[in-house]
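Heads up: the structure comes next, in structure tokens.
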Amino acid sequence: MSYQNILLQIQDAIATVTINREKAMNALNPDVLREIKDVFTNLTGNQEIRAVIVTGAGEKAFVAGADIAAMSQMTPQDAQEFGKLGHAAMDAVDQCAKPVIAAVNGFCLGGGLELALACDFIYASEKAKLGLPEVNLGLFPGWGGTQRLARLIGKGRAKEMIFSARILGVQEAYEFGIVNKVCKPEELLSSVRAVAAEIGKKGPVAVALAKRVIHEGSDLSLLQGLVKERESFPKCFETEDLKEGLAAFLEKRPAQFKGK
Ligand code: DAK
């Protein structure tokens, strides 16, 4: 699939996916969602990639939400399809076997915050503004926002944000635990690349298994989650990477992981 609305750049085993509709604040229409789903499905199986960054084109917006102009033309059936497509795109990000980091460079609203929440964690520019203002338009967050935000920051804060449509400055988003790190605008991408590169040096199979177990466990009781952890852990011992990691430690040299 060739992409019209996203840019895919791969450098030093890190893929950067840029939502590229700057004139519409990178708003998500059905075509963008299809492309996000496709690119993440492909990246998940790409052995060369160690981490993925998601960001928005231009200086103003990460993604300012679902495309409001497109939604204004939709019938209820169209909206149902749009809902399914949005879930499929966010799930492809969420379930990508690679670590996925959102570099939030500006407005991150509605479906844009839902996209960032589907990533593993968020770094944001000092200029970023984050919120779920859908109720201003007479709808509510329908691409995972009600679920992922409440799981991340707790029901009380998520309800306040969603019911009031209040848009947070980046410092408050950091204090709420939505954003892991606040960066100067000009340092955002280099900070995200640095953490992606650091993660990229680790055992890829171990990182992917840790991601999967964290995801599976967050829907379970602690005891059930510990069972998942126990079941997955021996898979590390089936990898060449584990032998390499242990040998490298004992030989006092950096490990060279192959992802198998
Ligand atoms: N959609 C389409 N175009 C948008 C847009 C959006 N979400 N946000 C901005 N734009 C466009 C503007 O219309 C404008 O286009 P032109 O007039 O130049 O053609 C251009 O981007 C620049 O925007 P502004 O002129 O408004 O720029 P400002 O700096 O003055 O304001 C702003 C920036 C981000 C504060 C403002 O644009 C704004 O409030 N945008 C809307 C933010 C918003 O309400 N976002 C939530 C959208 S609703 C579903 C599940 C989920 C969803 C939908 C369905 N189903 C299950 C079916 C999700 C819904 C949402 O995300």
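Quick note: the coordinates plus some simple rules give every number you see, no bench work behind them. As the structure is a computational prediction, the values presented were derived from the model and not from experiment. Counting neighbours? That spans all protein chains shown, and the Cβs are built from the backbone with ideal geometry, glycine included.
In a reduced charge model with +1 at each Lys and Arg Cβ and -1 at each Asp and Glu Cβ, the range 38-147 shows a dipole moment near 240 debye about its Cα centre. Around the Cα centre of the range 85-240, unit charges on the Cβ atoms of Lys, Arg, Asp and Glu (plus for the first two, minus for the last two) sum to a dipole of about 140 debye.
Let me know the charge dipole size of the chain about its Cα centre in debye, to the nearest 20, where only the beta-carbon of Lys, Arg (+1) and Asp, Glu (-1) is charged.
Working: 31 positive and 31 negative charges, 98 e Å.
The dipole magnitude comes to about 460 debye.
Stretching the chain fully between GLN147 and SER190 yields a gain of 12.4 nm (0.36 nm per residue, less the alpha carbon separation). Using DSSP, restrict attention to beta bridges with both residues in the range 1-100 and report what percent are antiparallel, rounded to the nearest 5. So the antiparallel bridges amount to about 45 percent of the total. Residues considered: PHE107, PHE163, PHE249. Largest GNM mean-square fluctuation over the chain, using C-alpha springs under 10 Å, is found at PHE249. Between 0 and 90 degrees, the angle of helix 188-200 with respect to the longest Cα principal axis of the chain falls at about 30 degrees. For the chain, the 222 nm mean residue ellipticity estimated from helices alone, with every DSSP H stretch of n ≥ 4 adding -39500 (n - 2.57) and the total spread over all residues, rounds to -14000 deg cm²/dmol. Toward the positive end of the charge dipole of the range 1-158, with +1 on the Cβ of Lys and Arg and -1 on the Cβ of Asp and Glu, the farthest Cα among LEU149, LEU139, ALA69 is that of LEU149.
Taking a straight Cα-Cα cut-off under 19 Å and skipping sequence neighbours fewer than 8 places away in the same chain, the lysines within cross-link reach of LYS23 are LYS60, LYS127, LYS129.
Once the Cα atoms of helix 30-44 and of the chain are each reduced to a long axis, what angle between those two axes, in degrees from 0 to 90 to the nearest 10, is obtained? Helix 30-44 and the main axis of the chain meet at about 0 degrees. Helix 222-232 and the long axis of the chain differ in direction by around 50°, with both axes built from C-alpha atoms.
With respect to the cross-link table entries LYS37/LYS202; LYS37/LYS184; LYS98/LYS252; LYS202/LYS258; LYS211/LYS243, which display a Cα-Cα separation exceeding 18 Å?
Numbers: LYS37/LYS202 26 Å; LYS37/LYS184 30 Å; LYS98/LYS252 28 Å; LYS202/LYS258 10 Å; LYS211/LYS243 21 Å.
Violating the 18 Å Cα-Cα cut-off are LYS37/LYS202; LYS37/LYS184; LYS98/LYS252; LYS211/LYS243.
List PHE121, PHE237 from most exposed to least, where exposure is judged by having the fewest other Cβ atoms within 10 Å.
Details: PHE121 17, PHE237 8.
Least crowded to most crowded, the residues run PHE237, PHE121.
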